[in-house]
Amino acid sequence: MNSDHRILVTGATGATGGYAIDHLLAKGAQVRAFVRSDDARAQALRDRGVEVALGDLVDFHSVRSAMQGVHAAYFVYPIMQPGILNATAFFAEAARESGVQAVVNMSQISARRDAASHAARDHWFSEQVFNWSGIPTTHLRPTFFMEWLLYGFQLPLIAQHGILQVPAGEGRHAPIAAEDQGRLIAAILLEPARHVGKVYPLFGAKEMNHQQIAAAVGEALGREIRYVPESIEGFEQRLSALGLPEHFIQHVSAVYRDYQNGIFAGHDSLIQDITGLPPMTVQQFVQEKRDRFMPGSN
Ligand SMILES: NC(=O)c1ccc[n+]([C@@H]2O[C@H](COP(=O)([O-])OP(=O)(O)OC[C@H]3O[C@@H](n4cnc5c(N)ncnc54)[C@H](OP(=O)(O)O)[C@@H]3O)[C@@H](O)[C@H]2O)c1
């Protein structure tokens with residue numbers, strides 16, 4: 001691997017960034033991880049040969065310093081916090097100043113100029129900022145992640161009560177695992193040329209409704225899991241009672257309306273075509289993480 005080809009990965013302690021690092025290291029890439037705190041997770045990255053840059057995506061100078069000597073970079077901003085447009089402008093300017101050759105930008109399938117979700121709308125504007133910047137960028141627009149099954153407002157209901165409860169109505173999607181996305185992100189960062197300027201909607205192995213997803217989770221666990229449709233208002237109240245941030249609640253309630261209207265549906269073979277491996281199924285994902293779905297495990 002060319003020593004000038006250092007790759008910067010944000011969200012390194014998160015789902016997609018973490019898996020992207022695994023795949024980059026497996027390919028022998030030189031990786032710099034952008035992390036917020038110098039904790040045990042940062043040390044674990046160093047122990048694996050990753051260079052660690054401390055900073056915050058909304059602090060321009062820390063982003064600029066982390067970008068020095070970088071060839072390609074992965075940008076991911078957390079959905080729980082507002083501020084993606086600020087972070088995008090800082091990231092694009094830092095990339096431009098330091099001569100970065102390629103950026104992979106994590107957006108989402110519901111990103112639209114007039115999206116009702118503030119976060120989805122801002123993802124769309126963030127894509128435009130990268131485009132104006134002239135930095136060669138590939139935008140990823142995944143449907144809902146498989147990791148929804150593990151989130152704090154979902155996993156305990158599955159594990160303790162055997163129910164999958166969200167306001168999905170009769171909508172459908174092909175859940176996509178962060179691990180499959182990490183493999184794709186690494187592949188694009190390592191050979192960006194043919195992906196530059198592309199907007200990739202991303203889908204998992206199989207498009208399903210929530211009765212089918214619940215049945216697939218149940219099959220993997222060997223017990224019955226039922227889908228319990230929830231109203232959007234009930235969902236908002238439940239998330240609010242759990243103390244989740246208002247920005248996130250506004251986003252997820254708006255995107256569940258999108259979901260019911262088919263915005264998250266779709267299926268393709270992009271993950272397999274680019275990475276050579278198919279995306280995992282719901283059954284494979286749950287089997288791999290079986291212990292976390294056991295009653296009393298969370
Ligand atoms: N979940 C879905 O269904 C879905 C679907 C489509 C698109 N997306 C998009 O995926 C993205 C989230 O990706 P993910 O699930 O891989 O992320 P994630 O697991 O939520 O991790 C977020 C990462 O960002 C880091 N972080 C948080 N605030 C930061 C800051 N101010 N400066 C620097 N780093 C910061 C976190 O660090 P700490 O560990 O220190 O907190 C963590 O490493 C969002 O943009 C979302 O819109 C998600």
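The values are calculated or read from the model by the stated rules, or taken from the named source; none is laboratory data. Since this is a predicted model, take the numbers as computed values, not measurements. Here the Cβ positions follow ideal geometry from the backbone for every residue, glycine too, while neighbour counts run over all protein chains shown.
Just a few scattered comments:
- The residues in the stretch 163-212 that are charged (D, E, K, R) and free of Cβ contacts under 8 Å to residues at least 40 places away in the same chain can be counted, and the count is 2.
- Residue match in the stretch 128-135 (condition: in contact with a strand residue (DSSP E or B) (Cβ under 8 Å, 6 or more places away or on another chain), β-branched (Val, Ile, Thr) and assigned to a strand (DSSP E or B)): no
- Residue in the stretch 218-233 that is surrounded by the fewest Cβ atoms within 10 Å (Cβ to Cβ), counting only those that are touching a helix residue (DSSP H, G or I) at 6+ places or on another chain (Cβ under 8 Å) and more than 20 Å from Tyr259 (Cα to Cα): Glu224
- Meets criteria (without any contact (Cβ under 8 Å) to a residue 40 or more places away in the chain and not in a strand (DSSP E or B)) for Gln160: no
- Of Gln160, Gln165, all but one fail to be at pLDDT 95 or above, surrounded by fewer than 20 Cβ atoms within 10 Å (Cβ to Cβ) and either in contact with a strand residue (DSSP E or B) (Cβ under 7 Å, 6 or more places away or on another chain) or more than 28 Å from Gly197 (Cβ to Cβ) (or both); the exception is Gln160.
- Conditions (1) of a type in the set (Ser, Thr, Tyr); (2) in contact with a Leu (Cβ under 8 Å, 6 or more places away or on another chain); (3) more than 26 Å from Pro295 (Cβ to Cβ): number failed by Tyr227: (3)
- Matching residues, the stretch 172-183, being under 18 Å from Val286 (Cα atoms), in a loop (DSSP other than H, G, I, E, B) and not small (Gly, Ala, Ser): Pro175
- Among residues of the stretch 258-298, those that are small (Gly, Ala, Ser) and at negative phi, counted: 3
- Hey, Ala186 modelled with pLDDT of 95 or more, assigned to a helix (DSSP H, G or I) and not β-branched (Val, Ile, Thr) or not: yes
- Listed by first and then second residue, the pairs linking a residue in the stretch 254-268 that is among the acidic types (Asp, Glu) to a residue that is in a helix (DSSP H, G or I), with Cβ atoms under 8 Å apart and 6 or more places separating them unless they lie on different chains, are Asp258/Ala120.
- Scanning the stretch 139-157 for residues that are away from the ligand (no atom under 16 Å from the Cβ) and within 21 Å of Ala15 (Cα to Cα) returns a single hit, Pro156.
- Any hit, the stretch 254-266, residues being among the charged types (D, E, K, R) and either in contact with a Pro (Cβ under 8 Å, 6 or more places away or on another chain) or more than 23 Å from Glu170 (Cβ to Cβ) (or both): no
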